Amino acid sequence: MTAAPRPPARKPWPLWPIALAIVVCLAGYTWLRLAYAKPGKPHEPFAENRQRAESAKLQAAGWSTSEASYETLVDLPAPETAIHTLPVRPALAEELFRLSTENWNLPIEYTAVAAPARAPAGSDYAVFFQVELDQARAHIVGFDLYRKGADLIVIPRWEPYPPELTPRRPKTGGRLLIPAAALPAGHYRITLLALKQSSQWEVEIDGPTDSRR
């Protein structure tokens, strides 16, 4: 009896169409990401949720928050108001520290501060200073402002220097601009927090007093 003939063997699919399809899909996805991705800081849900929770705690405790711009300068004007040094952080700063989830990176001390004793409401308030930093591989890029009633506490924000731009001495000077909205008309006590000793002075903002203070 003759055996039945075997069916012809199936030829395997060629791999090059599959590889080409993968390359085309990856190229298309990359182009879409580059063309439509939003520039700026990436979405960080955990950090954003923590920041919202901290803002809610601060607001419940009577604090309002804002930011001050900063620019580096060499020459400082003569002081217009008496600046006091505080060897111990004020009680409000300790309260703020307990409410905050961030690690404070404070400078060692402000070696010179110049700010007006009076200023008109509705305009930015300029503070000139020289400061000794705690580390040479970081620099100040801005300031966070925390106000509760008549007290305004100022804390610097930092970014690391690239290795090729590390300064020889961890000192800097410049001007910070407190926005007008952060200081409505009234009498205030401003504190620049530092590790060794903080700097504090009082200022009168002229204009109709804000009833929300």
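The values are calculated or read from the model by the stated rules, or taken from the named source; none is laboratory data. What you see is a predicted model, and the numbers here were worked out from it, not measured in a lab. Glycine also receives a Cβ, built like all others from the backbone with ideal geometry; neighbour counts cover every protein chain displayed. Note: accessible area is taken over every heavy atom of the protein model, side chains too, but ligands, DNA and RNA are not part of it. Shrake-Rupley method; radii C 1.70, N 1.55, O 1.52, S 1.80 Å.
Can you list the strands (runs of 3 or more DSSP E) found entirely within the stretch 71-127 that contain at least 1 residues being more than 20 Å from Lys196 (Cα to Cα)? Talk me through it step by step, then tell me what you get.
Numbers: elements: 84-86, 109-114, 118-120.
Ranges flagged: 118-120.
Any idea which residue in the stretch 52-82 is most open to solvent (accessible area, probe 1.4 Å), counting only those that are of a type in the set (D, E, K, R) and within 17 Å of Leu145 (Cα to Cα)? Restricting to residues being of a type in the set (D, E, K, R) and within 17 Å of Leu145 (Cα to Cα), the top hit is Arg52.
Would you confirm whether any residue within the stretch 119-132 is modelled with pLDDT of 90 or more, of a type in the set (Val, Ile, Thr) and either loosely packed, with under 13 Cβ neighbours inside 10 Å or within 20 Å of the chain's Cα centre (by Cα) (or both)? Within the stretch 119-132 (the criterion being modelled with pLDDT of 90 or more, of a type in the set (Val, Ile, Thr) and either loosely packed, with under 13 Cβ neighbours inside 10 Å or within 20 Å of the chain's Cα centre (by Cα) (or both)), the answer is yes, since at least one residue qualifies. Among the residues making up the stretch 100-118, a single one is of a type in the set (Phe, Trp, Tyr) and buried (at least 16 other Cβ atoms within 10 Å of the Cβ): Tyr110.
The lone criterion from (1) open to solvent by 40 Å² or more (accessible area, probe 1.4 Å); (2) at pLDDT below 85 left unmet by Thr85 is number (2).
Residue check: Phe143 meets all listed conditions (1) open to solvent by 50 Å² or more (accessible area, probe 1.4 Å); (2) part of a strand (DSSP E or B); (3) among the aromatic types (Phe, Trp, Tyr) but one, namely (1). For the condition modelled with pLDDT under 85 and in contact with a strand residue (DSSP E or B) (Cβ under 7 Å, 6 or more places away or on another chain), Glu67 does not qualify.
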